[in-house]
Amino acid sequence: MAPNASLTCLHTAKLSPVRYGAPCLSLTSARRLYIASSNVPEKRERVVILGSGWAGYAFARTLDPKKFERIVISPRSYFVFTPLLASTAVGTLEFRAVLEPIRRLRGGVRFHQGWADDVDFSRKTVSVEANVFDDLASRTIVLPPSPPGKAVRPHGAPVKGEIFEVPYDKLVVAVGAYSQTFGIEGVRQHAHFLRDIGDARKIRSRVLSLFEQCTYPGGSSDGKVAEGTTKPLSDDDKRHLLHFAIVGGGPTGIEFAAELHDLIHEDLARIYPDLLKFVRITVYDIAPKVLPMFDQTLAKYAMDTFARQGIQVKTEHHIQRVRLADGDLGTEHGGLLIKIKEAGDKEIGAGMVVWSTGLMQNPFIETMVAKRFPVKDGVIGHLVKDGRTGGLVTDGYLRARTSTDEGDNKAIYGPVDGVLEDVYVMGDCAVIEDNRTLPKTAQVASQQATYLARRMNKTGDGVTTAMPPFRFRNWGAMAYLGSWKAIHQSSADELRGWMAWVLWRTAYLTKSMSLRNKITVAFYWAMSWIFGRDISRF
């Protein structure tokens, strides 16, 4: 999703109980063992939810705990209100103001912190690798290329976590997607992302560190650089380090550029007045225009606002490489060089690159698509993958579509034969067959989650074709532009400027999940307005 999507099942290896030394339990034995360990009565249907992002959390929150036993599996123990992540990255809000603990869901919920590695559709069990390294789940992980014949450990854990099985009656797959790097050299190693709370923490620390580094006098008192002392930074070096490059002209990139501008000009300018002349913020995008979800008038207003604020927007620019700068500027200060196709052989210096260019499918989806299992009257088949996005295809009721291997229908992208009972897919990893153009946004994911949970609450079981299928209702799009200005577009109206900013803040405050967070967000907004943003590094 855009900023609104979640980081969940990361492991690509196809696990089996035999490989990891676990005995192969029957479905009945596994279910009894799990029930005995959880002390949960068997009368409620067990719904296992993979993911704690917009789709997974909203579904678990809406599902009736009196009718269903809810089990959430995710590598992180919280939900992130992603539209406000950019605000936490610059100190306008504190990190916990945008987090919702999974275990605090009303009615009680079972939670397992780990990565779903595999699903046995015949036995109706999920294999889970325990997350023994909590910090790995709080930041965006970009997958390295897989060596031939070897499975990559995408979450970077040095040791294998414990493998255990969780049986289900119904399975909801909401594993989200990853940040897309298009295989560009150096992005995975040197760029910052903005999809989780750990990303926001790293960005805040890096911004403040760059300003602090540029204040160091360096050298010795007589102006000479003795051995073991720091070489003073020249004006060109400061101009290099205080260039903030944001790649991606969607709402996440635009809003972060706006929030960063506010931090620098409203707070840091008073502390580092001599450095303000070196600061540059540049947004790069491969498309002809930024904010493509808005009409031309509002997009132009956004660009005009940025131009007045001194934020450069460069469209139709193709990033080819990101690397460390040469010499001490790279090794000691973390300076970067960006190679852009339109700039020829010249490389652009930057102190930080924030990457927000789109999504790629979670490799767990590939694991599920590759599986073969009985789908219809004992005929072997598989789940259906969308050829354009790589997501799992569902019907209008969010049930996973299947296809058999019989006759001419052997391709993964082949015709659809039926649905996999008791398996539902939603969020960034789902593609509805009758509406494949739905955007990968928090708005879509949360509406799908609410639709499915309410239908299941009504029947006490699953969805039926007697019910109306899912229909997305577009509530509009918003983007913050800095300096108390925003834009808003919906079918009912178009707003810009201060009024749109008021609507932007009101909408996000209203949508904050819990009453605790509604109070916390409003409190920190007031604190930032009265006392300024927090500029502590920790």
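The values are calculated or read from the model by the stated rules, or taken from the named source; none is laboratory data. Keep in mind that this is a model prediction, so the values were computed, not measured. Note that we place each Cβ from the backbone using ideal geometry, even for glycine, and neighbour counts take in every protein chain shown. Ligands, DNA and RNA are stripped out before the accessible areas are found, and what is left, the full protein with its side chains, is counted by its heavy atoms. Shrake-Rupley method; radii C 1.70, N 1.55, O 1.52, S 1.80 Å.
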Between the stretch 434-458 and the stretch 327-369, the Cα center-to-center distance that results, in Å: 33 Å
Translational diffusion of the stretch 345-410, µm² s⁻¹ [Kirkwood Rh, Cα pairs; Stokes-Einstein; 25 °C; 0.890 mPa s]: 166 µm²/s
Pair-distance profile P(r), taking every C-alpha pair of the stretch 297-349, with 5 angstrom steps and integer %: 5, 18, 17, 15, 16, 16, 8, 4, 1, 0
Spin-label pair Thr510/Val379, simplified geometry with 7 Å Cα→Cβ offset, distance in nm: 4.8 nm
Whole-Å semi-axes of the stretch 278-368's equivalent ellipsoid (Cα gyration tensor): 26, 23, 12
Under 28 Å from the Cα of Lys66 - lysines, other chains or at least 8 residues apart: Lys43, Lys124, Lys170, Lys458, Lys511, Lys518
Compactness of the stretch 419-480, expressed as Rg and Dmax over alpha-carbon positions, Å: 12.7, 42
Percent carbon-and-sulfur accessible area, the stretch 288-375, ignoring ligands, DNA and RNA, probe 1.4 Å: 50 percent
Separation between Cα centres of the stretch 94-115 and the stretch 504-538, rounded to whole Å: 19 Å
Cα point-scatterer Debye curve for the stretch 426-538, base-10 log of I(q)/I(0) at q = 0.16, 0.19, 0.21 Å⁻¹: -0.95, -1.12, -1.22
